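Enquirer: Structure below; questions to follow.
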Amino acid sequence: MYYLQLKSDNTGFHNLSVKDLIEARDTFHIHLMNKRNVIATAIGRYRVRKSDFNKEGAYEPQKQFPKKARTLENSIVTEFSWPCVLVFVSKWEDETQLINDEKDNIIPKCIYMPDGRVVPICVVEEKKVHRSDTDVNDTKLVFPQSYISGGYPLIVNSQGQKRIASMGCLVSDGNKVFALTNKHVTGKEGTEIFTKFRGKETRIGVSSKQFGKEKFTTLYPGWQGSNLVVNTDVGLVEVDDLNIWKTEVFGIGELKELTDLNTTNISLELIDKKVKAFGAVSGKIEGKIIGLFYRYKSVGGTEYVSDFLIGGADNKPLNVHHGDSGTLWLIQEGSTKEYKPFALQWGQHQFMEGNEKKTRPYALASSLSNILRELDLDLVRGWNVDQEYSWGKFGHFKIGARACEMVTNQNLGVLLKANEDNIGYPNEVFKDPSGFVKAGTGEFVPLADVPDLVWRPMKGTKGVARNSDESNHFADMDDFHPKVMGGKTLLQLNFNDEGKIRDEFFTLENWLKFYSQLDDVKPNYDKDGKLKRRLGGLPFRVWQMYDIMVYELKKNKDIAKFICAGGTMSHYVGDACQALHISYKHHGLTENEYNVHKDYEDNMLNNKKNIPRLLKGIDSFDEVVRDEDLFKTGLGAAKAVLKLMWNTFQNLPPDNILKAWRSSSDMEDMFKKLGEKTIANINQGCLTMATIWQSAWIEGEGDKIDPSELVAVGQDELISLYSDKSFVPSFPLDKLELNRPLSRRKVATAAITAADNR
């Protein structure tokens, strides 16, 4: 940490605004650019040499003359750095030498404005490199396997050459949806744009609207900028098929709202802010904002600027390369690790390091707020983000429906058969998955996928979000650390070598203790970089819901609540027989393997050629509920699901899925390698859910209900139930109560429901 303590003076430098700096630079710019060695300017904050700090980090400037060159690499911005005009020079020269020169080439320390304002100048030496490596090896790039989004490469064939660039994000004019990238990439309107799916070059759209250069005073009304032009370099791709696009950015995740920057709120607080991106060529990129309105070129009396100059963070070079044009940049907001979109990269400059043997790249980016405003577009967020969570929808809906056919209790069989279409779908719909209900439409959702499509909805839709439900869908049974509980996984702690449950360990308290110890030595972060506690509680969610099924049936004879609780519970049972839902390898082991989850559980199952094989394998499974497998209490239900998780791992370990995915050429090839064991896991999920239905029916004394009431529940009533957050309420694992009577759990339920409503 560096501490710069400045003496108070009458200059008032810290009161200078962005507008002040822009006016000072514009007034003095021609004079500056005629100085020897000056190559560019920007506005920012005064950079202090690192050598001017002592070992304790306190400011203690060295009294040596002449002073060595100040560069971006050997200087920093401190908390107390003045607002200033940054002047970049190709060569650092001593003032004495410049004084003795025939020409007046000394760069003044300040700009003195006619109205008395004084604006500091900070001189920085950077040798610009005018050549760069433009070759991109597309065999090393990560292309989409199924869904495409920002962060992936796009391909344009022009003049016999193949050009690679990045897709930024999706935007819409209210009628059509476009992919946002650079004008110099998309070419003239109507140019075909491609990417690769599974190694095959595939058209994804055509070039559409463009936005090139605009007057500075138009984009920033009220600010001075004579002869100043902003290079925005924006090109839109009108996409062909919205069904294969996601709004999240590969390597970044779901986008937050736009950081809306304009003349009323742009401040020097932006300088040194952390920013990040994911480029098609470079992958993960982390940096900081070096300067605003970087004035990089002058041609024919016109000056060209870039809204942002971005450099590396933590004294590391910025990881950007040719082919990252079009990359979306996000900026850290406040003291949190939350990043929001703010800029679109269109170019880069290479500066030579002091030893002149290495170069450091810097990104040039345009304000996303200007782009959206000038083209009358909206940022599209939160669409298709449910894909990574869905057991292919096929898996959830089929397990929910098929379990209804496997019970042996006659009365229960009548009730479930009447409600089968309320829980899942008939086979004719599975044969064409486009008939599945989509998230956020407000239409009735068959109960088996309500936890994904309603309780974990896309932002901006009509879903009834339950923030506390996320951790109920999984439990990383293979996660471990040598320092935690003897280096054993949850699977090893809960089962002995013969696959029998260790009753002494399978408690809520022991799971929380395991997670807490693992968090201490192996911190877990979400896709936004926030510290995230491990609270995966899938079997305990089933325990809680089973108790509610029995309670509503036995005490209230409420068929609707019994069906709604059991139907939605079948979703979590479905998660338990999907190995990637119960493994820390759920999205592979590297960023490049992120798509394995949705490819395995979604695209492979929904492939039209694979669906008939799946249906045949599941419908021909002839096992039914056995009396010896029935149980009592929610603990019994949790153990049944825990055993299902054990069997899932034994039959098809996550490593086997990863291995098959890496070597598969397409979804059919993947199914050939994994289909048989996947069907076996689904069948065990169906049988486990049927056993839970029948156990709850018997324990809840369902046979005492008048047979005339064993009919289909109305869909409006089911919608009302699953839209009520106090019904089968979602809990994080550390707030779940299992050992108190249901009537005494209301206080905790109310607290969680209130939290979800915030």
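The values are calculated or read from the model by the stated rules, or taken from the named source; none is laboratory data. Keep in mind that this is a model prediction, so the values were computed, not measured. Here the Cβ is made from the backbone with ideal geometry for all residues, glycine too, and neighbour counts use every protein chain on show.
Enquirer: Collect the residues in segment 366-386 that are in a helix (DSSP H, G or I), among the β-branched types (V, I, T) and at pLDDT 55 or above, keeping them in residue-number order.
Expert: I371
Enquirer: Among the strands (runs of 3 or more DSSP E) confined wholly to segment 149-218, which include 2 or more residues that are among the basic types (K, R) and assigned by TED's automatic domain parsing to the domain that holds S665?
Expert: No strands (runs of 3 or more DSSP E) qualify here.
Enquirer: Which of (1) farther than 23 Å from L630 by Cα; (2) surrounded by fewer than 20 Cβ atoms within 10 Å (Cβ to Cβ); (3) hydrophobic (A, V, I, L, M, F, W, C) does V713 not meet, given it meets every other one?
Expert: In the conditions (1) farther than 23 Å from L630 by Cα; (2) surrounded by fewer than 20 Cβ atoms within 10 Å (Cβ to Cβ); (3) hydrophobic (A, V, I, L, M, F, W, C), V713 misses (2) alone.
Enquirer: I would also like to ask the following. I need a count of the residues in segment 45-73 that are in contact with a helix residue (DSSP H, G or I) (Cβ under 7 Å, 6 or more places away or on another chain) and surrounded by 22 or more Cβ atoms within 10 Å (Cβ to Cβ).
Expert: Matching residues across segment 45-73 total 1.
Enquirer: Quick one: A313 ticks every box in (1) more than 23 Å from the chain's Cα centre (by Cα); (2) at pLDDT below 90 bar one, so which box is it?
Expert: All conditions are met except number (1).
Enquirer: Out of V728, V713, report the one residue that is over 17 Å from V550 (Cα atoms), part of a loop (DSSP other than H, G, I, E, B) and either among the acidic types (D, E) or in the same structural domain as I399 (by TED's automatic domain parsing) (or both).
Expert: V713 is the lone residue from the list that is over 17 Å from V550 (Cα atoms), part of a loop (DSSP other than H, G, I, E, B) and either among the acidic types (D, E) or in the same structural domain as I399 (by TED's automatic domain parsing) (or both).
Enquirer: For D519, indicate whether it is outside any loop (DSSP other than H, G, I, E, B) and either modelled with pLDDT of 95 or more or in the same structural domain as S723 (by TED's automatic domain parsing) (or both).
Expert: no
Enquirer: Right, I76: surrounded by fewer than 21 Cβ atoms within 10 Å (Cβ to Cβ) and at pLDDT 90 or above or not?
Expert: Considered against the rule, which asks whether it is surrounded by fewer than 21 Cβ atoms within 10 Å (Cβ to Cβ) and at pLDDT 90 or above, I76 comes out as yes.
Enquirer: Test L508 against the criterion of being out of contact with any strand residue (DSSP E or B) (no Cβ under 6 Å at 6 or more places or on another chain) and modelled with pLDDT under 90, and give yes or no.
Expert: no
Enquirer: Based on what the data block shows, is S583 assigned to a helix (DSSP H, G or I) and in contact (Cβ under 8 Å) with a residue 12 or more places away in the chain?
Expert: no
Enquirer: Specify the residue that is modelled with the highest pLDDT; the eligible residues are those in segment 130-148 that are surrounded by fewer than 20 Cβ atoms within 10 Å (Cβ to Cβ) and not in a loop (DSSP other than H, G, I, E, B).
Expert: K140
Enquirer: Anything in segment 327-337 that is in a loop (DSSP other than H, G, I, E, B) and touching a Gly at 6+ places or on another chain (Cβ under 8 Å)? List them, or say none.
Expert: Result: T327, K337.
Enquirer: Any residue at all in segment 613-624 that is surrounded by 18 or more Cβ atoms within 10 Å (Cβ to Cβ) and within 30 Å of V711 (Cα to Cα)?
Expert: yes
Enquirer: In addition: Which one of the conditions (1) under 33 Å from the mean Cα position of the chain (by Cα); (2) in contact (Cβ under 8 Å) with a residue 60 or more places away in the chain does K557 fail to meet, given that it meets all the rest?
Expert: Evaluating K557 over (1) under 33 Å from the mean Cα position of the chain (by Cα); (2) in contact (Cβ under 8 Å) with a residue 60 or more places away in the chain leaves (1) as the failure.
Enquirer: Further question: When you go through K109, K127 one by one, which is the residue that is charged (D, E, K, R), exposed (fewer than 14 other Cβ atoms within 10 Å of the Cβ) and more than 16 Å from L292 (Cβ to Cβ)?
Expert: Of the residues listed, the single one that is charged (D, E, K, R), exposed (fewer than 14 other Cβ atoms within 10 Å of the Cβ) and more than 16 Å from L292 (Cβ to Cβ) is K109.
Enquirer: What pairs can you find where one residue is in segment 715-734 and closer than 11 Å to R466 by Cα, the other is of a type in the set (K, R) and not in a helix (DSSP H, G or I), and their Cβ atoms are less than 6 Å apart, with a gap of 6+ or different chains?
Expert: Close Cβ pairs satisfying both conditions: S730/R466.
Enquirer: State the number of residues belonging to segment 586-620 that are outside any loop (DSSP other than H, G, I, E, B) and among the hydroxyl-bearing types (S, T, Y).
Expert: Here the count works out to 1.
Enquirer: Please go through (1) buried (at least 21 other Cβ atoms within 10 Å of the Cβ); (2) at pLDDT 95 or above for E676 and return the number of the only condition it doesn't satisfy.
Expert: (1)
Enquirer: Residues of segment 191-243 being more than 25 Å from L292 (Cβ to Cβ), buried (at least 20 other Cβ atoms within 10 Å of the Cβ) and among the polar types (S, T, N, Q), which ones?
Expert: Within segment 191-243, T195, S207 meet the criteria.
Enquirer: Every residue in segment 635-681 that is outside any helix (DSSP H, G or I) and closer than 18 Å to D479 by Cα, please.
Expert: Across segment 635-681, the qualifying residues are L652, P653.
Yes/no per residue for (1) modelled with pLDDT under 90; (2) closer than 22 Å to S726 by Cα; (3) more than 24 Å from the chain's Cα centre (by Cα):
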residue: E388; (1), (2), (3): yes, no, no
residue: K393; (1), (2), (3): yes, no, no
residue: C404; (1), (2), (3): no, no, yes
residue: N411; (1), (2), (3): no, no, yes
residue: E420; (1), (2), (3): no, no, yes
residue: F430; (1), (2), (3): yes, no, yes
residue: L447; (1), (2), (3): no, yes, yes
residue: V450; (1), (2), (3): no, yes, no
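Enquirer: Given (1) surrounded by fewer than 17 Cβ atoms within 10 Å (Cβ to Cβ); (2) of a type outside the set (S, T, Y); (3) out of contact with any Phe, Trp or Tyr (no Cβ under 8 Å at 6 or more places or on another chain); (4) in a loop (DSSP other than H, G, I, E, B), where does G499 come up short, assuming only one miss?
Expert: Exception for G499: condition (3).
Enquirer: Scan segment 298-322 residue by residue and report those that are within 21 Å of T232 (Cβ to Cβ) and exposed (fewer than 14 other Cβ atoms within 10 Å of the Cβ).
Expert: V299, G300, G301, T302, listed by residue number.
Enquirer: Moving on to the next point. Mind listing whichever residues of segment 296-319 are closer than 12 Å to L228 by Cα and of a type in the set (K, R)?
Expert: Hit for segment 296-319 is K297, nothing else.
Enquirer: Quick check: anything in segment 277-294 of a type in the set (A, V, I, L, M, F, W, C), at pLDDT below 90 and either assigned by TED's automatic domain parsing to the domain that holds L170 or surrounded by fewer than 16 Cβ atoms within 10 Å (Cβ to Cβ) (or both)?
Expert: The answer is no; no qualifying residue exists.
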